[in-house]
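Asker: Please find one structure pasted underneath; my questions will follow.
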Amino acid sequence: MNITVLENQSLLDISVQTSGDIYAAIELAIANDKSITDSFDAGAELIPAEIYNTEIVNYYNNRRLTPATAITQEEMLEGGIDFMGIEIDFIVS
């Protein structure tokens, strides 16, 4: 059964949710011929990785948690204090 990617989900989000371990992102990337840093469109189908920690997978499933922490290109361009460099575009006076 394939995994359907939700909006703003990264391979790291999917690996924790479906395999219970962040290291499954490597397995997901290889199985789907992707890079760990690739972004995905909502609705994309991925071949799942092995389940490494059933307790964590059950936790996410029972609570219907779907992490989606990927940053979009627009969010990167918005800027903000966490994107500023001291003495470059964030001036300390």
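The values are calculated or read from the model by the stated rules, or taken from the named source; none is laboratory data. In this text, all values refer to a predicted model and were calculated from it rather than measured experimentally. Cβ placement follows ideal geometry from the backbone for every residue including glycine, while neighbour counts extend to all protein chains displayed.
Asker: Can you tell me how many residues within the stretch 15-37 are part of a loop (DSSP other than H, G, I, E, B), buried (at least 17 other Cβ atoms within 10 Å of the Cβ) and not acidic (Asp, Glu)?
Answerer: The first filter runs over the stretch 15-37 and keeps only residues part of a loop (DSSP other than H, G, I, E, B), leaving 20-23, 32-37.
Those left that are additionally buried (at least 17 other Cβ atoms within 10 Å of the Cβ): 20-21, 32.
Adding the requirement that they be not acidic (Asp, Glu) leaves 20, 32.
Residues that pass the stated criteria total 2.
Asker: Still on this structure: Mind listing whichever residues of the stretch 16-63 are under 16 Å from Met1 (Cβ atoms) and among the small types (Gly, Ala, Ser)?
Answerer: Passing the criteria: Ser19, Ala24, Ala31, Gly43, Ala44, Ala49.
Asker: I'd like to check something: does the stretch 38-53 contain any residue that is small (Gly, Ala, Ser), buried (at least 17 other Cβ atoms within 10 Å of the Cβ) and assigned to a loop (DSSP other than H, G, I, E, B)? If you could, list the steps in order and put the result at the bottom.
Answerer: Here is the first cut: in the stretch 38-53, the ones small (Gly, Ala, Ser) are 39, 42-44, 49.
Next cut, buried (at least 17 other Cβ atoms within 10 Å of the Cβ) only: 49.
Right, trim to assigned to a loop (DSSP other than H, G, I, E, B) and you get 49.
Yes, the stretch 38-53 has at least one match.
Asker: Scan the stretch 11-31 and report the pairs whose first residue is closer than 9 Å to Val57 by Cβ and whose second residue is at pLDDT 95 or above and in a helix (DSSP H, G or I), with Cβ atoms within less than 6 Å and a gap of 6+ or a chain change.
Answerer: Cβ pairs passing all conditions: Gln17/Tyr60; Gly20/Ile56; Gly20/Val57.
Asker: Same structure again: Select, from Ser10, Ser93, Ser15, the only residue that is at pLDDT below 90 and either touching a helix residue (DSSP H, G or I) at 6+ places or on another chain (Cβ under 6 Å) or hydroxyl-bearing (Ser, Thr, Tyr) (or both).
Answerer: Numbers: Ser10 fails: at pLDDT below 90; Ser15 fails: at pLDDT below 90.
Within the list Ser10, Ser93, Ser15, the selection yields Ser93.
Asker: Out of the stretch 56-70, which residues are within 17 Å of Tyr23 (Cβ to Cβ), out of contact with any Phe, Trp or Tyr (no Cβ under 9 Å at 6 or more places or on another chain) and not β-branched (Val, Ile, Thr)?
Answerer: Tyr60 - this is the single residue of the stretch 56-70 that is within 17 Å of Tyr23 (Cβ to Cβ), out of contact with any Phe, Trp or Tyr (no Cβ under 9 Å at 6 or more places or on another chain) and not β-branched (Val, Ile, Thr).
Asker: Inspect the stretch 56-79 for any residue being crowded, with 16+ Cβ neighbours inside 10 Å, among the aliphatic types (A, V, I, L, M) and at pLDDT below 95 and give the result as yes or no.
Answerer: The answer is yes, given that some residue of the stretch 56-79 is crowded, with 16+ Cβ neighbours inside 10 Å, among the aliphatic types (A, V, I, L, M) and at pLDDT below 95.
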